[in-house]
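Where a number appears in this text, it was derived from the coordinates with a stated rule and is not lab data. Owing to the predicted nature of the structure, the values given are computational and were not obtained by experimental measurement. Using ideal geometry, Cβ is built from the backbone for each residue, glycine included, and neighbour counts are taken over all protein chains shown.
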């Protein structure tokens, strides 16, 4: 009976990981669409009002408001993608633990990319000048 419970847990974890991968793909598409929309309403020839699709209907709003909505949505999407990636790493470790019984230490598995602020902080450090 324990074997069946372990297999069910393995399947649940694997399915969760696949669902999260698909969510990341969908969110990335949405982020790209937002980026394209922001780019199209930016610039000197931007209209004063823009049609915005929200909740199943089109609304004509001032362009700065639409830019604000899209920028906020971009930040939320980025945060959600980061959260999903972190969660996937933890679930992958748990899956490996259940499959193999022990998790070997993968050096650098928890590394994260440098942010713009980190790079600017390095460039401003006195030892770099």
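Got the relative contact order for the stretch 1-90 handy, in percent, Cα pairs under 8 Å and 6 or more residues apart?
29 percent
Describe numerically, in nm with one decimal, the distance between label points set 7 Å from Cα along Cα→Cβ at residue 36 and at residue 87.
Output for this residue pair reads 2.7 nm.
Using 0.36 nm times the number of residues separating residue 22 and residue 4, minus their current alpha carbon distance, what extension gain do you get?
That works out to 3.8 nm of additional length.
Between the stretch 2-48 and the stretch 66-84, what is the separation of their alpha carbon centroids in Å?
First find each Cα centre; the distance between them is then 12 Å.
Specify the angular offset, from 0 to 90 degrees and rounded to the nearest 10, of the alpha carbon long axis of helix 2-40 from the longest principal axis of the alpha carbons in the chain.
So the inclination is approximately 20 degrees.
Each label point is 7 Å from the Cα along the Cα-to-Cβ direction; what then is the distance between the points at residue 11 and residue 123, in nm?
Once both label points are built, they end up 5.3 nm from each other.
Along the Cα→Cβ direction, 7 angstrom out, place labels at residue 114 and residue 75. What is the inter-label distance in nm?
2.5 nm
Please report, to one decimal in angstroms, the Kirkwood hydrodynamic radius of the stretch 12-129 built from all distinct Cα-Cα pairs.
After inverting the pairwise mean of 1/r, the radius is 17.9 Å.
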